Amino acid sequence: MHKQTLRLNIILFFTLAGIFIIDQNIKMLFVEGYRYYTDCIDLILVYNKGVAFSMLSFLDEWLKYIQLVLVAGILGYVIYLKKVCFAFPAGLMLGGAFSNIYDRFVHGGVVDMVYWHCGFDFAVFNFADVMIDVAVVWILILNFKPKLCKS
């Protein structure tokens, strides 16, 4: 295996696995009953049957399989690119995505817990959602600033 490909796969795998493990452990706290309430942020348990803001919840069981195919496609594309600079943000994105898909299989919906309600009500979200958002911004920056990606 080419040294660069090996490096990409190692970074991708360990980032993906780390995010998955961290997110699942946080979610387990809430599934087991942890709650915390403040004036601005509540830490509660919500099962989201859709995607962001519960969109596409009408797809029911099909949603997790559609997401699984999409995420597998992203994984294949990142490996195909062979650019190490995409490995870490792609690992963030895929770790969060696989964790949320895992929730759909195990809990029937994504385990969300952070509810912002200071000044305005925002959607309930989780650590995986934040990692996916960070990854998307990171990947967009790499695409619009190709000098940042030397591999």
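Any residue in region 52-69 that is within 18 Å of Ile132 (Cα to Cα) and of a type in the set (Lys, Arg) sitting within a Cβ distance under 7 Å of a residue that is modelled with pLDDT of 75 or more and loosely packed, with under 15 Cβ neighbours inside 10 Å? List the pairs, counting only those 6 or more apart or interchain.
Pairs that qualify, where the first residue is within 18 Å of Ile132 (Cα to Cα) and of a type in the set (Lys, Arg) and the partner is modelled with pLDDT of 75 or more and loosely packed, with under 15 Cβ neighbours inside 10 Å, are Lys64/Phe105.
Within region 121-131, is there a residue that is of a type in the set (S, T, N, Q), under 20 Å from Leu75 (Cα atoms) and either out of contact with any Phe, Trp or Tyr (no Cβ under 7 Å at 6 or more places or on another chain) or without any contact (Cβ under 8 Å) to a residue 60 or more places away in the chain (or both)?
no
Do you know which of the residues in region 133-151 that are of a type outside the set (Gly, Ala, Ser) and surrounded by 12 or more Cβ atoms within 10 Å (Cβ to Cβ) is farthest from the chain's Cα centre (by Cα)?
Cys149
Which of the residues belonging to region 109-132 are charged (D, E, K, R) and surrounded by 20 or more Cβ atoms within 10 Å (Cβ to Cβ)?
Answer for region 109-132, where residues must be charged (D, E, K, R) and surrounded by 20 or more Cβ atoms within 10 Å (Cβ to Cβ): Asp112, Asp129.
In region 75-99, which residue that is within 12 Å of the chain's Cα centre (by Cα) and without any contact (Cβ under 8 Å) to a residue 60 or more places away in the chain is farthest from Asp60 (Cα to Cα)? Spell out how you get there, then give the answer.
Narrowing region 75-99 to residues within 12 Å of the chain's Cα centre (by Cα): 89-99.
Then keep just the ones that are without any contact (Cβ under 8 Å) to a residue 60 or more places away in the chain; that gives 89, 93, 97.
Values: Pro89: 29, Met93: 23, Ala97: 17 Å.
Per the criteria, the residue is Pro89.
Could you look through region 24-55, keep only residues that are out of contact with any strand residue (DSSP E or B) (no Cβ under 9 Å at 6 or more places or on another chain) and among the charged types (D, E, K, R), and pick out the one that is modelled with the highest pLDDT?
Per the stated criteria, the residue is Glu32.
Yes/no matrix, rows are residues, columns are (1) touching a Pro at 6+ places or on another chain (Cβ under 7 Å); (2) under 21 Å from Ile10 (Cβ atoms); (3) among the small types (Gly, Ala, Ser); (4) modelled with pLDDT of 85 or more:
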| position | (1), (2), (3), (4) |
| --- | --- |
| Leu63 | no, no, no, no |
| Tyr102 | no, no, no, yes |
| Tyr115 | no, no, no, yes |
| Ala123 | no, no, yes, no |
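Go through region 66-115 residue by residue and tally those that are among the hydroxyl-bearing types (Ser, Thr, Tyr) and closer than 18 Å to Phe20 by Cα.
2
The values are calculated or read from the model by the stated rules, or taken from the named source; none is laboratory data. Everything numeric in this text was worked out from a predicted model, so none of it was measured. In this analysis, Cβ positions are derived from the backbone assuming ideal geometry, glycine residues included, and neighbour counts consider all displayed protein chains.
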